[in-house]
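A short write-up of the structure that comes next.
The values are calculated or read from the model by the stated rules, or taken from the named source; none is laboratory data. What you are looking at is a predicted structure, and each value in this text was computed from that prediction instead of being measured. Ideal geometry is used to build each Cβ from the backbone, glycine not excepted, and the neighbour counts take in all protein chains shown. The area values use the complete protein model at the heavy-atom level, side chains included, leaving out ligands, DNA and RNA. Shrake-Rupley method; radii C 1.70, N 1.55, O 1.52, S 1.80 Å.
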Amino acid sequence: MENRKTSFMKRVAMFVMALAVVLTTVLIPVPAKAAAKDAIIVSSYTMQKGEKWTLNVYNAGKAKISYKSSKSSVAAVSKKGLVTAKKAGSATITVTLKEGKNTYQAKTKIKVKSKITYADAIKRVNAELNLLYVNAYDLAEGLGVLEDETVVEYLSACAEIVELGNAMAKKPSAYSEEDILAELEAIEAMAQSMVELVNELASY
């Protein structure tokens, strides 16, 4: 019979996987004035050995994107940004964006562990939600709808969840398992809402 900690970590893993599925539905639209130099990606990400994760690039304009791992034996990356955690260790994924004659780069530090903690889980899903927030904000600003009541409501709610997630990731011991699961549920639900908002803004 599995112990409480194992059961809890399985539930945490379920939320992490659910968010990954949600993120595959985002169109990652581009603000009207976006350029490759404005591209944003997650700065760091913790993965469990054997796991796969897509490194999304936001606000990349019409740039041609390529990916390269500093240590493929630890974290390999495909031409489409799919990262595969091979073994415990650290690696850096360099994203190169070519736009006309200009070239820009952004980097994501990958840490691969045999097992991730719930602090790792909160930090990484929260980082993804934060990028959705930034992307939605930039889109709304570019469209001149930052004062729209619905947009403000979504962005404000998302900012609150991201803030709490950051606090939990810094000091998880200060929160109960119930608090953590509630935050993960909130992150997952808000991610779905932000994807809907981003996609709606993209259709303007």
Lys and Arg at +1, Asp and Glu at -1: add these up for the other residues within a Cβ distance under 12 Å of Met14 and post the number.
0
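Write down the accessible area per residue of segment 46-115 in Å², having rolled a 1.4 Å probe over the full set of protein chains.
About 59 Å² of surface per residue is accessible.
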Of all accessible surface on the chain at a 1.4 Å probe, what whole percent is carbon and sulfur?
52 percent
Please give me the summed charge of the neighbours of Ser114: other residues whose Cβ is under 14 Å from its Cβ, Lys and Arg +1, Asp and Glu -1.
+4
In debye to the nearest 20, how big a dipole does segment 60-201 give about its Cα centre with +1 on each Lys and Arg Cβ and -1 on each Asp and Glu Cβ?
1960 debye
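How much of the DSSP bridge set in the chain is antiparallel, in percent, rounded to the nearest 5?
85 percent
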Expressed as a whole number of Å, what is the distance separating the alpha-carbon centroids of segment 109-177 and segment 35-77?
18 Å
Looking at the chain, do any whole DSSP H helices span at least 30 angstrom along their long axis by alpha carbon and average -0.5 or above on Kyte-Doolittle, and which?
118-143, 149-170, 177-202
Using Stokes-Einstein with the Kirkwood hydrodynamic radius over Cα pairs, what translational diffusion coefficient do you get for the chain at 10 °C and a viscosity of 1.306 mPa s, in µm²/s rounded to a whole number?
90 µm²/s
Val134 and Ala88 label points (each 7 Å along its Cα→Cβ direction) are spaced in nm at 3.1 nm
Lys/Arg +1, Asp/Glu -1 at C-beta; the chain dipole; positive extreme among Thr108, Ile122, Ala191
Thr108
Give Lys79/Lys113; Lys64/Lys115; Lys62/Lys171; Lys86/Lys123; Lys87/Lys123 a once-over and call out the pairs whose C-alpha atoms are over 30 Å from each other.
Lys64/Lys115; Lys62/Lys171
